[in-house]
Amino acid sequence: MSTRATLIVSVYFLLCACTPKEIIPVSVIKDYIEQFNRVDDEMFTHVELFTNAKACDFLTANIPRFECPDKTLEKIYYFRWWTFRKHIKPTPDGYIITEFMPDVGWAGKYNGISCTAMLHFNEGRWLNDAKYLNSYACYWLRGGGSVRAYSFPVAHALYNQFLATGNDSIIKDLLPELILNYEAWEGDHFDAKKGLFWQIDDRDGGEVSICGHGYRATINSYMIADALAIAKIAARCGNSEQQQRFEKKAEAVKTTMLQTLWDNEAQFFKVMNRDTDNPTLCGARELHGYTPWMFDLADEKYAGAWKFLMDSNCFYAPYGPTTAEQSHPGFVISYEGHECQWNGPSWPMATSITLTGLANLLQTQQQNVISTGDYFDLLGIFAHSHSFTKDDGTIVPWIDENLNPFTGDWISRTRLKTWENGTWSQGKGGIERGKDYNHSSFCDLIISGLVGIRPAEDNTLTVHPLLPDGIWNYFCLENLPYHGKKITVIYDRNGKKYGKGKGLTVWANGKQIASSPILAPVTGKIQ
């Protein structure tokens, strides 16, 4: 055999040894997409880059594949990726991710809305092609996006994306704009005497709430998280002055938030009004009180708050947690007045933030208030709520605005059906406003929560599954991009499903990097 032929054969066998074999066939994605396309009333006037006809090519090339015994959970995982790609919008200034499919009057440039952009980044960081989020980041900070129209922890969102990709070039490049954005928030939303940021409920994405405006755990958690992210980015740039400055800012606001907004008697983070003479905490527990855990800001001493999440007198409901505690006099499920109320209905955005916080709690702290079984229960309820019965009786996967937590009815959609079309001629979006609404996350709750992907700055990967022991015999997540590698996570209780060994195994480009005979946290090194 010639030297050249030997080299070719050697390279071939090397590639075979290092390239992961397909475990979940691509046909699984294709089958789901065909199902979703078949029952979809595609709104051609609103479709952006990837129409239904192009969905299969885009998704098979870009998304991590997931398999589990719970076919509802599996189906909604693919459904949410199928809806997410609809919102990738090309503009003269690059790609952005939209929230609504139709244009709405309260959006900014190119119909962009910053309200849940952090969740767009949480979800989109797991796409194989990072160009969409990189462009989206520039839109917010350099492209005229209304980055401060709503509370938005943009630095934290970008830093989270870096943790997944391992590429810090864009966060380093955007550091000056991230600092200016933070300082702008300090200029008009920070009360120096109180040591806290304030916000009106609507600009926190929660209009018509019981507790209303004031010093809220939402905006303060976002700003603490942003300050911490800016400090870490500054450190990567070798800018110790800015690193120390923002570490001090984060610590100061965090200390004040924990001291001021925590109601020790109620065991919950609450809204404090801005009455200069008599600032008091609101009497109601509202679901956004769990926001600090989304950013790992509350330690074990505050874990008692989580007992209310599973209490049917408080937040627990058959179609998702309520936005306010059900025992409070202000709690209401109304079909009158404003169609987007946060005084009772279940909102996918709030559910996403809460479950992200719960995953962080379960993966980082020791407590006996809430369990992985509860996370699994709530995630299942969230998946089950993704449903809509069409006029012809067909039940289809669905994501919209606010839910009746007791019946599963999409409240805003029901309301809009009774309104005159003329009412919506001024940029309101019409009856289809909430269709395929990109206002929450779901896939990340599977990837980071249930499967337990916890990315790091260095080339290590921790996998901390939140699947309760004894529930499933298997699951698999593959084709997950991480620091330039393709990650596969397999759980196979007896080793018979996938033939890769018993228990939990983690693979990077086909090479096993971590394992455990049981469902337990593991950490591996990416070579």
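The values are calculated or read from the model by the stated rules, or taken from the named source; none is laboratory data. Being a predicted model, the structure only gives us computed values, none of them experimental. All Cβ positions, even for glycine, are placed from backbone atoms using ideal geometry, and neighbour counts span all protein chains on display.
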Fill in the blank from the handout: Among 324, 298, 284, the single one that is under 21 Å from the mean Cα position of the chain (by Cα) and more than 30 Å from residue 453 (Cβ to Cβ) is 324
Exercise for the section: Taking residue 350 as meeting all but one of (1) small (Gly, Ala, Ser); (2) touching a residue at least 12 places away in the same chain (Cβ under 8 Å); (3) assigned to a loop (DSSP other than H, G, I, E, B), write down the number of the exception. Expected result: (3)
Exercise for the section: Quick one: in the stretch 382-406, of everything that is in a helix (DSSP H, G or I) and not hydroxyl-bearing (Ser, Thr, Tyr), which residue is surrounded by the fewest Cβ atoms within 10 Å (Cβ to Cβ)? Expected result: 384
Exercise for the section: Might you check whether a residue that is farther than 17 Å from residue 270 by Cβ and either touching an Asp or Glu at 6+ places or on another chain (Cβ under 7 Å) or free of Cβ contacts under 8 Å to residues at least 60 places away in the same chain (or both) occurs anywhere in the stretch 207-219? Expected result: yes
Completion exercise
Scanning the stretch 223-235 for residues that are touching a residue at least 40 places away in the same chain (Cβ under 8 Å) and either out of contact with any Lys or Arg (no Cβ under 6 Å at 6 or more places or on another chain) or not in a helix (DSSP H, G or I) (or both) gives 223, 225, 226, 228, 229, 230, 232, 233, 234
Handout entry: Test set (1) in contact with a helix residue (DSSP H, G or I) (Cβ under 9 Å, 6 or more places away or on another chain); (2) modelled with pLDDT of 95 or more - residue 476 fails condition number
Key = (1)
Exercise for the section: List the number of the failed condition for residue 215; all other conditions in (1) in contact with a Leu (Cβ under 6 Å, 6 or more places away or on another chain); (2) more than 23 Å from residue 115 (Cα to Cα); (3) hydroxyl-bearing (Ser, Thr, Tyr) hold. Expected result: (2)
Practice task
Taking the residues in the stretch 407-429 that are exposed (fewer than 15 other Cβ atoms within 10 Å of the Cβ) and in a loop (DSSP other than H, G, I, E, B) as candidates, determine which candidate is modelled with the highest pLDDT.
Solution key: 407
Completion exercise
Going through (1) free of Cβ contacts under 8 Å to residues at least 60 places away in the same chain; (2) more than 23 Å from residue 384 (Cβ to Cβ) one by one, residue 312 fails only at (2)
Completion exercise
Of the candidates 273, 278, 239, 264, the one satisfying the condition of being at pLDDT below 95 and not β-branched (Val, Ile, Thr) is 278
Practice task
Could you list, in sequence order, all residues of the stretch 435-462 that are more than 18 Å from the chain's Cα centre (by Cα) and buried (at least 17 other Cβ atoms within 10 Å of the Cβ)?
Solution key: 435, 461
Problem - In the stretch 1-20, residue nearest to the chain's Cα centre (by Cα) [restricted to those that are surrounded by 10 or more Cβ atoms within 10 Å (Cβ to Cβ) and either at pLDDT 85 or above or in a loop (DSSP other than H, G, I, E, B) (or both)] - result: 20
Completion exercise
Cβ pairs under 7 Å, 6+ apart or interchain, first in the stretch 192-205 and over 23 Å from residue 149 (Cβ atoms), second outside any strand (DSSP E or B), ordered by first then second residue, are 195/252; 195/253; 195/256
Handout entry: Residue selected from the stretch 472-500 under the condition hydrophobic (A, V, I, L, M, F, W, C), in contact (Cβ under 8 Å) with a residue 40 or more places away in the chain and touching a Ser or Thr at 6+ places or on another chain (Cβ under 9 Å), by the criterion surrounded by the most Cβ atoms within 10 Å (Cβ to Cβ)
Key = 477
Exercise for the section: State whether one or more residues within the stretch 369-383 are of a type in the set (Ser, Thr, Tyr), out of contact with any strand residue (DSSP E or B) (no Cβ under 7 Å at 6 or more places or on another chain), farther than 20 Å from residue 285 by Cβ and modelled with pLDDT under 95. Expected result: no
Practice task
Please work out if residue 317 is within 22 Å of residue 226 (Cβ to Cβ) and in a loop (DSSP other than H, G, I, E, B).
Solution key: no
Handout entry: Out of 339, 325, sole residue that is in contact with a Lys or Arg (Cβ under 6 Å, 6 or more places away or on another chain) and at pLDDT below 95
Key = 339
Handout entry: Lone unmet requirement of (1) more than 23 Å from residue 440 (Cβ to Cβ); (2) polar (S, T, N, Q); (3) buried (at least 17 other Cβ atoms within 10 Å of the Cβ) for residue 169
Key = (3)
Completion exercise
Exactly one of 55, 61 is under 22 Å from residue 434 (Cβ atoms) and of a type in the set (Gly, Ala, Ser), and that residue is 55
Practice task
Restricting attention to helices (runs of 4 or more DSSP H) lying wholly within the stretch 120-222, give those where 2 or more residues are modelled with pLDDT of 95 or more and within 19 Å of the chain's Cα centre (by Cα).
Solution key: 131-142, 154-165
Problem - First in the stretch 441-465 and in contact (Cβ under 8 Å) with a residue 40 or more places away in the chain and farther than 12 Å from residue 379 by Cβ, second anywhere and of a type in the set (Phe, Trp, Tyr) and not in a loop (DSSP other than H, G, I, E, B), Cβ under 6 Å, 6 or more apart - result: none
Practice task
Could you please find all residues in the stretch 174-189 being surrounded by fewer than 17 Cβ atoms within 10 Å (Cβ to Cβ) and either touching a residue at least 40 places away in the same chain (Cβ under 8 Å) or within 18 Å of residue 237 (Cα to Cα) (or both)?
Solution key: 176, 180
Problem - Hey, residue 468 in contact with a helix residue (DSSP H, G or I) (Cβ under 6 Å, 6 or more places away or on another chain) and surrounded by fewer than 19 Cβ atoms within 10 Å (Cβ to Cβ) or not - result: yes
Fill in the blank from the handout: In the stretch 134-155, residues that are surrounded by 24 or more Cβ atoms within 10 Å (Cβ to Cβ) and under 22 Å from residue 355 (Cβ atoms) total 4
